[in-house]
1. Among all residue pairs at least 6 apart or on different chains, which show Cβ distances below 6 Å where the first residue, located in the range 71-99, is closer than 12 Å to L124 by Cα and among the hydroxyl-bearing types (S, T, Y) and the second is modelled with pLDDT of 95 or more and in a helix (DSSP H, G or I)?
2. Of all the strands (runs of 3 or more DSSP E) wholly in the range 17-105, which have at least 1 residues that are within 14 Å of the ligand (Cβ to nearest atom), at negative phi and not small (G, A, S)?
3. What are the residues in the range 109-139 that are part of a loop (DSSP other than H, G, I, E, B) and either among the β-branched types (V, I, T) or away from the ligand (no atom under 15 Å from the Cβ) (or both), if any?
4. Which is within 15 Å of G167 (Cβ to Cβ) and among the hydroxyl-bearing types (S, T, Y), of S24, S91, S35, S119?
Amino acid sequence: MKKPIWVQGQLNDMFSFRETAKHSEYGGYGYVGNSRMNKATHDAIMMAYYLAEQPLEFSQGGLNNGVEGASAKTHDGLGVADTRTTAIGISKDEAFRVISFGMDCGVILFARGMGGPDSMVPHLHGVMVGMRSTMHPDTYDQIYANDWGYADGGGGLEGRKSARWWGPPRKPLVTWENSKYNPKNGWKP
Ligand SMILES: [Zn+2]
């Protein structure tokens, strides 16, 4: 299937993204505009959008403590990034497609402000599977906490632990390192 030009551009971005700086606690990172993220986070999210054939715009990366109150501390470290949805014409169904591919790419994309149990500005809040040493503990908990973490069927909202996962059907956790869509594991366009 022929991909739109912007999708091919995403793939080029993925292969050319570099970590150009290093945080003493959370490790290496690079930039997309002003947003900081490590290469795994960048590439996993990029691949999920590529596979779902949706345009990608990051709205927030990591090392961003205190910038967005609603995020608590989840953007303090790395292994986390937000992307735009409604603002660039991505519907709920299209976002769910991205989220589902994200599960195969080692990133859990929480749908926020898109009809689920929260009233945030519409976006996807992406948290990397397994990459504990690169992120703030609150971010890691969004996937792994008992009851309110994604792995336990939760919505990843520490302030609203009763909220359940709202999105396409969950899949078993896989890391980007082990993803079948990681080019390092032989995946080709
Ligand atoms: Zn976020």
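The values are calculated or read from the model by the stated rules, or taken from the named source; none is laboratory data. Predicted model, so just to flag it, every value in this text is computed and none were measured. Backbone-built Cβ (ideal geometry, glycine too); neighbour counts: all protein chains shown.
1. Close Cβ pairs satisfying both conditions: T85/A95.
2. Details: elements: 21-23, 27-32, 35-37, 58-60, 80-84.
Here the list reads 35-37, 58-60, 80-84.
3. Result: G115, P117, V121, V129, G130, M131.
4. S91
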